[in-house]
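Colleague: Handing you a structure now.
The values are calculated or read from the model by the stated rules, or taken from the named source; none is laboratory data. Given the structure is predicted, the values throughout are model-derived calculations rather than measurements. Virtual Cβ from ideal backbone geometry, glycine too; neighbours counted across all protein chains shown.
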Amino acid sequence: MLPLVAIALALVIGVVVLEYASFRALERIPSVATEEFPEIDRELLGKFSSFDPELGWVPQPNREKQKDTGDHLPGEEVRTTVTYSTDEYASRICPAKERDPDADLTVSTYGDSYCFCREVDNDKTFQNYLAQELDTHVANYGGGNYGLDQALMRLKRKYPEDPTDYVFMVVTASSIARILSVWKHYQEFGNILAVKPRYVLEDGDLERVESPVDEKEDLLDLESKAAFLREYDFHYEHWFKPHFASRPYTTDLFDKPEHLRYAGYTAGKEIERKFERSIPGIDFDLAQTQSALRLEQPRVRYHERLFDTHEYLFDALIEEFVDYADEQDFEPVFVMVQQLRYAKYESEHGPIYGDLMDRLDERYDDLTTIDMATHLSPDDGDVESLYVERGEGGHYSPETNAEIATVLTDVIEERAVVE
């Protein structure tokens, strides 16, 4: 009898341990949600220096930050850092040319982190290269994780203070998801500080839904705003709940081989970090990045479906951009750029935004559109070569930013001839 009891007890302990280990592994997988309202402590809140009650978050003026690019193995000396600097306007520094109020040509850019040019230095942004080609300052009002909605909101707030002849709106296709979001965590699990306003359509008109967070301290008790967040964030029902891990956690982990691979690569990185030496034969950092890209593919397909079901909201935001350009008398240019995960998918399946660019061209005579994917096509088909090799997640390399600047220069020169 005792041996049977001992065996049963061992099995129970084994199941409990395996469940706990599976849960901890799932916590580290970016495509899995394990908590609806993770705790936000005051230390984390204190680091959220970009909080803005109107936009959710926004780059602050006169700041300089240095970020480790990740271009080294565990235990190695940090070899490369990237410097992000902003001026008194909270625009990213443009070393090539200072602002000149008497300049014949003025240019500004708004959008997401691809507009901000994350992962490259101030002098390697496409804005800085564009300033060199045009011999004029180019303002950079990109915001990390911004969608078309927040970029438009920032434009309306900033433009009266810094008017320009041309405004380039530069976003990735993930904007289709971001404009449906109020709390990033419901679609980008773990992004728990990012609460934002959004637009909805009421009887064909855009109506702004303000952020439910008026003070940064309010982020400490987001659960009290659960009803609002769930109602206005489209992804709560359509992405968060389907990806929420539940018991038995072992099943959630072992049912998907990619979950196991990602967990293994993460464990390998932690072992290297702990012992401050690399394990020969495998680059765990690269393997984890490639695994993360594979885990991202369902999200790309999800965004592709959103362009089918919610293109009307995206189109309405573009119309608002065009109308604001007419009101303020500037030349509007809409630029679609690609995240790495989209580039790899679209090289095989075509653009996830379908005929969006053609549709915009037909609808708006005063809007210039640029599908950057058609200009950035490596001859060998290696789309990964367009992006930084290591780092936070596949932003464009300095060389690609230089190519983008050339494309934008051509647009301005062509428009000048037309006028």
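Colleague: Would you check if there is a residue in region 382-398 being of a type in the set (S, T, N, Q) and assigned to a helix (DSSP H, G or I)?
Modeller: Yes; the residues of region 382-398 include at least one that is of a type in the set (S, T, N, Q) and assigned to a helix (DSSP H, G or I).
Colleague: Of all residues in region 54-71, which are surrounded by 15 or more Cβ atoms within 10 Å (Cβ to Cβ) and modelled with pLDDT under 95?
Modeller: Thr69, Gly70, Asp71, listed by residue number.
Colleague: Restricting attention to region 93-106, does a residue exist that is touching a strand residue (DSSP E or B) at 6+ places or on another chain (Cβ under 7 Å), touching a residue at least 60 places away in the same chain (Cβ under 8 Å) and over 25 Å from Asp308 (Cα atoms)?
Modeller: Looking through region 93-106, none of the residues is touching a strand residue (DSSP E or B) at 6+ places or on another chain (Cβ under 7 Å), touching a residue at least 60 places away in the same chain (Cβ under 8 Å) and over 25 Å from Asp308 (Cα atoms).
Colleague: Has region 303-312 got at least one residue that is assigned to a helix (DSSP H, G or I) and in contact with a strand residue (DSSP E or B) (Cβ under 6 Å, 6 or more places away or on another chain)?
Modeller: no
Colleague: Could I ask something else about it? Which residue is surrounded by the most Cβ atoms within 10 Å (Cβ to Cβ), if the candidates are limited to region 4-34 and must be under 30 Å from Arg341 (Cα atoms) and not aliphatic (A, V, I, L, M)?
Modeller: So the residue we want is Ser22.
Colleague: Does region 269-280 include one or more residues that are out of contact with any helix residue (DSSP H, G or I) (no Cβ under 6 Å at 6 or more places or on another chain), part of a helix (DSSP H, G or I), touching a residue at least 24 places away in the same chain (Cβ under 8 Å) and surrounded by 13 or more Cβ atoms within 10 Å (Cβ to Cβ)?
Modeller: yes
Colleague: Test each condition in (1) surrounded by fewer than 24 Cβ atoms within 10 Å (Cβ to Cβ); (2) in contact with a helix residue (DSSP H, G or I) (Cβ under 7 Å, 6 or more places away or on another chain); (3) more than 21 Å from Ala90 (Cβ to Cβ) for Gly144 and report the one that comes out false.
Modeller: The failed condition is (3).
Colleague: Which ones in region 127-156 are farther than 24 Å from Leu180 by Cα, out of contact with any Pro (no Cβ under 9 Å at 6 or more places or on another chain) and not polar (S, T, N, Q)?
Modeller: Of everything in region 127-156, those that are farther than 24 Å from Leu180 by Cα, out of contact with any Pro (no Cβ under 9 Å at 6 or more places or on another chain) and not polar (S, T, N, Q) turn out to be Leu130, Glu133, Leu134, Asp135, His137, Val138, Ala139.
Colleague: Let me ask another. Of all residues in region 39-52, count the ones that are surrounded by 15 or more Cβ atoms within 10 Å (Cβ to Cβ) and assigned to a loop (DSSP other than H, G, I, E, B).
Modeller: 2
Colleague: Taking Lys344 as meeting all but one of (1) part of a loop (DSSP other than H, G, I, E, B); (2) free of Cβ contacts under 8 Å to residues at least 60 places away in the same chain, write down the number of the exception.
Modeller: Only one criterion in (1) part of a loop (DSSP other than H, G, I, E, B); (2) free of Cβ contacts under 8 Å to residues at least 60 places away in the same chain is unmet by Lys344, namely (1).
Colleague: Kindly check whether there is at least one residue in region 354-366 that is in contact with a Leu (Cβ under 8 Å, 6 or more places away or on another chain), surrounded by 15 or more Cβ atoms within 10 Å (Cβ to Cβ) and not in a helix (DSSP H, G or I).
Modeller: Scanning region 354-366, I find no residue that is in contact with a Leu (Cβ under 8 Å, 6 or more places away or on another chain), surrounded by 15 or more Cβ atoms within 10 Å (Cβ to Cβ) and not in a helix (DSSP H, G or I), so the answer is no.
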